[in-house]
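Chemist: Encoded as C-alpha cells, here's the structure I'll be asking about.
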C-alpha cells in the first residue's frame, strides 16, 4: 500500500513539476484566442539572465492584462542558432509554424516565402526610422516582411595604457602588435577557427577593398577576379599576423567571440577584434583595464566599415483577427522605439531605429555605446542568401587552414570557392 | 468415492475457445506489438533517411524536392570527403584500440587488486566511470578548458615550467587530432573496463589457483586463462566501441568544431554541419547512409575474424 502511495506521489510530483517548469502560456487559459511565439531562450521570459527574463515576462503580462481575450503561448527555440532556425523552417514547411517568431537576421531570406506583410500596422515614418541596412532586409518588393529588432557591430578594442593611437591599417596593426608581443604581451587576437565569427569579423576588411561575396543574382563570386584578390589579401594578412608573432597560433582555436574570453580574462591582450557586446562581458569577468574602441583596420586607410548582425522578428500567420494583436505585442516587446530603448539598457542591445538615440536613454551616456551607434552609420549586414551558410563554412575552413599554415591563401580560397560552386544551385 | 477432477479452465477456454488463436503455434501474434514498435521507431526513420538521400531536399523545401543521385555524386566526388574518411578511420581505429587496451589494463588491475584484497579498488572503478557518465558535449568543453593554450590551463602549466610559452594542443592539425583521440579514449575506457572486468569475474578462481600452483607467472595466466575467456566480450566491446566512436561528434563539436581546417572533422560531424549549417538535407542523408554502411561492414568484419578464430580454436 505504501509503495502505491509513494509511486503515485512521485508521479504526481513529476507531472506537476513538468507543468510548472514549462509554464509558457500567459493570460487566461480560457481566452478564446491564442497567439504562439517562438523565440530564443535569451530573448524570452525564460532567459537565464534575470533582467532579460523580467523584461519579457513583464511585457507579455501587461499585454494579456490589457487583452483578456488573448493568451500568449511562448515556445523556446534551440540555443544553437542554426539548429533553431532549421527547426523553425521545418515547422513552417509542414504548416506547423508559430504565429510569429524571432529569426536570425541572416536567415531571413529563407523565411521570406512564409512571412506575412505587416504594412497595415506601421506607418511609412515608422519604417523609415529603421537604419538603412535594416530596412533593406525588412522591406521586400514594398512589403514589410520582418523587423530588425536589435543589432551589433564589429570593431577592435585596444588597451589605452599600451596603445597610444589605435591602428587604422594592417601594417600599423602588425607593427604595434608585434612590438607589444616582443615585450611579453599578447599583441593582437582575432577569431580564426571554425565558427561564424572568423568570417564575420573579417568581412569588413574584404568589403573595404570592394569585394563582394555574391552578385545581384545571388551567385557566389568571391573567388573570382578582384573579389578573389581581396580575400587573398585578407588571408595573407591573417597569416602574417601569426608568422610575425603579432598574434599567437592559438587564434586558430577561436571560432566564436566567446572562445576569446578566457584569453582576454588573463589580462595580457593588447588589441582584439570582436563584437560590441564583448566589453560588457569582459567587465563582468572582472577586467579592470581601460579599453578604447576603434574601427576595424583596413588594408589601406579609407572609409570605415563594419559588419552588423542581430535578430529580427517576423509574422507567419495570416489570420486577420490575430494580426492587430501580434502587431501590438511586437511593438511592446521589440519593435517600437520605447521597447528598443528599454532593451538597450536591459540587454545592452544596439537599437536599429535612429530615433532611439535621441530619447536621452542612460544607455547612450556611455561613450562606448555612442561609438557603436556611430559605427552603425557604415554598418553592412551579411548577404541574406541561401548559399551564404555554405560560403561561410568554406571560408571558415580556408581561414583556419591559412592561419595554421596548412594551405597558402590562394589554395585555401580556391578550394573554398570550388566547394561552394559545387553546391550552388541557380 | 474419488472426487471427479474438473478440468482447469484457462484463458483459452473463455469465449468458447476463441482465444486459442494466441497459442504457441501463432507466435507472430505475440511478436506483432514489438514489430509495430520497431517498424515505427526504427525501420521507418531508417527508410526515410535512405529515401531522402536520393533527393535534393533542404530543411526548408517541405514537399518541394525531386529524386536525384546528385547528393551521392556530390559526396563521393568531393576531395575532402576522402580526407574526412581518412580522418575518421584514424580517429576510430586509434580510439577503439586505445579504449580496449586501457579498459583491459584497468580491468586487470582492478581484478588482480581485488583478488589480493587490496583496498580502494571500488573507488578506482567509480572514478573511471566518470568519463562514461558525463555527456559528450560536457566532456568536449572540459577538454577544451584543459587544453587552453594561453598558458593558464592544466595542460599548459607543465610546459610553462620548462619555458615553453605557447604550447600547441588544438591549433595545429596533427596535435588537434591526437588530442581529440586521447579525449575519446578517456571517454570510452570506462565502458571497455566494465565489460572486460565483468568477463574476468566469470573466470572460476580455481583456474588461476591451479595455474599458480603449477608455477605459471602472472603473464602466463593472463595469456592462457584470462585472454581466451575474454574473446566473446572483446568482440562485443569492439563492435560497440566502433559504432559508438563512428557516431561521435558531440564531444568534437565543442572541442575543435572540426578544425583547424578540417583536420578533426569526422564524418558524423560533417553530417551535422551539412544539415544544420548548410541546410542540405539530401546530402546529409547520403553521407549518413555511407556512414551506416561503413559501420555495418566493420561489424561483419569483426564477426568474421573473431568467430573464425574461435571455430579454429575449437
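Each value in this text was obtained by applying a stated rule to the coordinates, not by laboratory testing. Nothing here was measured: the structure is a model prediction, and the numbers come from that model. Ideal geometry is used to build each Cβ from the backbone, glycine not excepted, and the neighbour counts take in all protein chains shown.
Chemist: Mark the label point 7 Å from the Cα of residue A:78 along Cα→Cβ and return the residues of segment A:218-259 whose backbone N is within less than 18 Å of it.
Modeler: Within reach of a label on residue A:78: A:256.
Chemist: Could I ask something else about it? How many partner chain Cβ atoms sit within 10 Å of a residue's Cβ in peptide A:395-406, on average, as a whole number?
Modeler: Other-chain Cβ atoms within 10 Å of each residue's Cβ, averaged: 5.
Chemist: What residue among A:85, A:33, A:312 has the largest mean-square fluctuation in a Gaussian network model of chain A, using Cα springs under 10 Å?
Modeler: Answer for the Gaussian network model of chain A: A:33.
Chemist: Calculate how many DSSP beta bridges within the protein assembly as shown are antiparallel, expressed in % of all such bridges and rounded to the nearest 5.
Modeler: If I count the DSSP bridges inside the protein assembly as shown, around 65 percent turn out antiparallel.
Chemist: Would you list A:414, B:63, A:129 from fewest to most Cβ contacts within 10 Å?
Modeler: Lowest to highest Cβ neighbour count: B:63, A:414, A:129.
Chemist: Give me a single rounded figure for A:242-251: the average over its residues of other chain Cβ atoms within 10 Å of their Cβ.
Modeler: 3
Chemist: Sticking with this structure for a sec: Quick one: which of A:212-220, A:72-80 comes out on top by average Cβ neighbours within 10 Å, and what's the full order, highest first?
Modeler: A:72-80, A:212-220
Chemist: As a test, work out the antiparallel percent of DSSP beta bridges whose residues both lie in chain A, rounded to the nearest 5.
Modeler: Rounded to the nearest five, the antiparallel share is 65 percent.
Chemist: Here is a further query. Relative to the longest principal axis of chain A, what angle (0 to 90°, nearest 10) does the C-alpha long axis of helix A:170-182 take?
Modeler: For A:170-182 against chain A, the angle is about 80 degrees.
Chemist: Let me ask you something else. Over the whole of A:252-260, what's the average partner chain Cβ count within 10 Å per residue? Rounded to a whole number, please.
Modeler: 4
Chemist: Angle, helix A:50-66 long axis vs. longest principal axis of chain A, Cα atoms, 0 to 90°, nearest 10?
Modeler: 40 degrees
Chemist: Mind sorting B:143, B:132, B:28 by how few other Cβ atoms lie within 10 Å of their own Cβ, fewest first?
Modeler: Going from sparsest to densest Cβ surroundings: B:28, B:132, B:143.
Chemist: Right, something else. Would you mind getting me the FRET efficiency between residue A:226 and residue B:114? Use the beta-carbon distance for r and R0 = 41 Å, nearest 0.05.
Modeler: It comes to 0.05.
Chemist: If you don't mind, another one. At 7 Å along the Cα-to-beta-carbon direction for both residue A:124 and residue A:265, put a label point, then send me their distance in nm to one decimal.
Modeler: Result: 5.2 nm between the two label points.
Chemist: While we're looking at this one, here's another question. In what sequence do A:368, A:174 fall when counting other Cβ within 10 Å, fewest first?
Modeler: Fewest-to-most Cβ neighbours within 10 Å comes out as A:368, A:174.
Chemist: Compute the FRET efficiency between residue B:67 and residue A:34 as 1/(1 + (r/R0)^6), taking r as their Cβ-Cβ distance and R0 = 41 Å, and round to the nearest 0.05.
Modeler: Step by step, r from the Cβ atoms, then E = 0.60.
Chemist: Does anyone have the angle between helix A:2-21 and the longest principal axis of chain A? Alpha-carbon axes, 0 to 90°, nearest 10?
Modeler: On a 0 to 90 degree scale, this one is about 60.
Chemist: Follow-up question, since we're still on this one. Gap in Å between the Cα centre of segment A:290-317 and the Cα centre of segment A:63-91?
Modeler: If you average the Cα positions of each part, the centres end up 28 Å apart.
Chemist: Let me ask something else. Alpha carbon centre of segment B:48-120 versus segment A:361-405: separation in Å?
Modeler: 34 Å
Chemist: Same structure again: Answer rounded, prolate or oblate for the protein assembly as shown, using the Cα gyration tensor with square roots of eigenvalues a ≥ b ≥ c: rounded when a/c is under 1.5, else prolate when a/b is larger than b/c, else oblate.
Modeler: Note, shape of the protein assembly as shown comes out oblate.
Chemist: Note the full-extension length gain between residue B:212 and residue B:51 as 0.36 nm times their separation in residues minus their Cα-Cα distance, in nm to one decimal.
Modeler: Result: 52.0 nm gained on full extension.
Chemist: Select from B:91, B:52, B:276 the residue whose mean-square fluctuation is largest in a Gaussian network model of chain B (Cα-Cα springs shorter than 10 Å).
Modeler: Among B:91, B:52, B:276, the largest GNM mean-square fluctuation belongs to B:276.
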